[in-house]
1. Is it true that some residue in region 276-295 is in contact with a Leu (Cβ under 8 Å, 6 or more places away or on another chain), assigned to a strand (DSSP E or B) and surrounded by fewer than 18 Cβ atoms within 10 Å (Cβ to Cβ)?
2. Would you point out the residue of region 296-327, among those that are more than 22 Å from F203 (Cβ to Cβ) and of a type in the set (S, T, Y), that is surrounded by the most Cβ atoms within 10 Å (Cβ to Cβ)?
3. Within region 57-109, track down each residue that is within 24 Å of L437 (Cα to Cα), of a type in the set (F, W, Y) and either part of a strand (DSSP E or B) or free of Cβ contacts under 8 Å to residues at least 24 places away in the same chain (or both).
4. Sort out which residues of region 55-80 are surrounded by fewer than 20 Cβ atoms within 10 Å (Cβ to Cβ) and within 16 Å of V137 (Cα to Cα), and write them in order of number.
5. Within region 139-174, which residues are crowded, with 18+ Cβ neighbours inside 10 Å and charged (D, E, K, R)?
6. Please work out which residue is nearest to Y250 (Cα to Cα), limiting yourself to region 324-356 and to residues that are outside any helix (DSSP H, G or I) and over 29 Å from the mean Cα position of the chain (by Cα).
7. Taking into account only those residues within region 164-187 that are modelled with pLDDT under 95 and out of contact with any strand residue (DSSP E or B) (no Cβ under 6 Å at 6 or more places or on another chain), which is nearest to F56 (Cα to Cα)?
8. Restricting the first residue to region 5-23 and requiring it to be under 13 Å from I444 (Cα atoms), which pairs with a second residue that is in a helix (DSSP H, G or I) and of a type in the set (G, A, S) meet a Cβ separation below 7 Å and a spacing of at least six or different chains?
Amino acid sequence: MSLDQALAYAKTNHARFLNELIQLVSIPSISTNAEKKAAMLQAADFIARQLQQLGFQNVRAFPTALHPIVYGERMDAGPDAQTILVYGHYDVQPTDPEDLWVSDPFSPEIRGDYLYGRGSSDMKGQVIASIKAIESVLSQGSLPVNIKFLVEGEEEIGSPNLSSFLIEHASMLKCDVALNPDSGMISPNAPTIVYALRGLAYFEIRVFGPDHDLHSGVFGGVIHNPAQALCEIIARMHDSQNRVTLPGFYDHVLDLSSEERAQLARLHMDDQYYLDQTGSPTVWGEEGFTSTERIGARPTLEVHGLYSGFTGQGSKTVIPAWAMAKISTRLVPNQDPEDVRNGMVAFMQQHAPKSIRWEVIPMQGGFASISDIKLPATVALAKALESVWGIAPVYKREGGSVPVVADMQKYLGIDSVITGFGLPDDNIHSPNERLHLPNWERGIQALIHFLFNLA
């Protein structure tokens with residue numbers, strides 16, 4: 001087998017690779033939208049056909065309570081070779097507000113060095129990069145390792161059916177390590193390996209007052225406004241040092257060692273980095289930690305949505321009967337989402353006034369994960385990235401949550417090697433999502449190197 005010829009094959013076939021990515025991005029596979037069920041099946045079928053065309057065996061779209069999980073395997077490297085489980089997802093986020101898109105989110109458009117379209121970066125581009133790297137190696141003969149693919153359609157809604165699938169099919173999924181390219185790079189010239197991910201506990205808090213909306217002139221000052229009460233409650237969820245005040249929230253949070261703080265400082269993601277990315281006037285967060293440390297190594301609590309009363313044009317003077325907030329906490333290793341849920345309930349019991357009724361509705365939950373950067377597969381990937389970019393990769397704690405990583409540790413007993421080729425300004429989950437095509441092409445090359453390094 002020839003590494004150089006595999007790389008040359010990828011270069012020669014780049015236009016076709018890109019065209020097939022455009023075909024996949026054109027499918028509106030929005031997992032949270034019940035009206036897109038046919039599109040979800042279409043996307044799953046597209047991935048299955050890609051694997052079948054490469055000679056993968058046992059290719060199947062396993063049904064779940066919502067959207068299918070695509071599986072396929074090539075085990076021709078033999079029982080003594082490593083087995084790699086490649087993870088991905090074919091579902092995407094909703095596209096609203098659609099009026100902010102420059103081009104149709106499901107009519108992918110190339111402008112300059114970017115492919116614009118929903119899912120181009122998160123993570124259809126990464127899935128196709130993995131498949132095309134394997135195709136390039138296969139063009140020179142057989143694979144040097146065994147490969148299994150698991151591509152789900154529910155990641156953007158919290159993977160509600162994935163853990164049960166892992167448990168039920170643990171034998172089928174048996175492997176040495178997982179490759180998870182559902183991440184990104186801190187800049188085009190800084191290949192990145194993620195070794196830790198935060199977990200998640202997501203809630204909806206509902207506050208109730210009167211049994212119907214009231215006239216504020218007749219009842220204002222007598223009846224506690226649920227919208228005001230909810231704002232008062234949320235304001236108490238952080239203290240003056242911007243620490244979360246839920247009972248027991250920090251009980252199991254691990255301290256950062258001086259060595260790890262020094263490693264994170266190498267990322268050079270200072271306050272200005274985050275200001276440039278967001279357009280915010282200043283950074284904010286827990287005192288005593290840098291912005292990089294807050295993002296990946298410290299837990300947080302955020303408000304994602306508030307709703308109550310009249311929100312239309314003009315004026316309407318009502319005291320609303322109820323108010324609602326959507327709130328999530330990002331968790332770090334050793335924190336348990338169930339403990340956090342109990343802490344939220346305890347907080348409400350302590351701080352909700354008697355003038356309202358309330359309920360806490362759990363929405364999503366997942367554990368944080370952390371992996372050893374000295375894993376052989378991680379070392380193989382680091383060498384691969386350095387071969388393509390010409391510099392050693394940086395190692396990063398990711399602020400986001402990928403629950404499958406912790407689930408694979410728990411149910412399959414394997415660690416994951418986490419990387420990706422998206423960039424911070426790819427607008428994932430936002431209008432005008434895009435993929436930096438030069439980075440994507442380099443990503444395919446790096447994955448080719450990775451497969452050869454594993455041998």
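The values are calculated or read from the model by the stated rules, or taken from the named source; none is laboratory data. These figures come from a predicted structure and were not determined experimentally. Heads up, the Cβs are rebuilt from the backbone with ideal geometry, glycines too, and the neighbour counts pull from every protein chain shown.
1. Within region 276-295, not a single residue is in contact with a Leu (Cβ under 8 Å, 6 or more places away or on another chain), assigned to a strand (DSSP E or B) and surrounded by fewer than 18 Cβ atoms within 10 Å (Cβ to Cβ).
2. Here is the first cut: in region 296-327, the residues more than 22 Å from F203 (Cβ to Cβ) are 296-297, 310, 312-319.
Cutting the leftovers down to of a type in the set (S, T, Y) gives us 315, 317.
Numbers: S315: 6, T317: 12.
Selected residue: T317.
3. Within region 57-109, Y87 is the sole residue that qualifies.
4. Residues satisfying the conditions are G55, M75, D76, A77.
5. Correct list: K148, E152, E154, E155, E156.
6. Residues of region 324-356 outside any helix (DSSP H, G or I): 324-336, 352-356.
This time we only want the ones that are over 29 Å from the mean Cα position of the chain (by Cα), so: 352-356.
Numbers: A352: 22, P353: 25, K354: 28, S355: 30, I356: 28 Å.
This residue is A352.
7. Narrowing region 164-187 to residues modelled with pLDDT under 95: 182-187.
Those still in the list that are out of contact with any strand residue (DSSP E or B) (no Cβ under 6 Å at 6 or more places or on another chain) too: 182, 187.
Numbers: D182: 22, S187: 34 Å.
The residue in question is D182.
8. From residues that are under 13 Å from I444 (Cα atoms), the pairs are A6/S136; Y9/S136; A10/S136; L21/G125.
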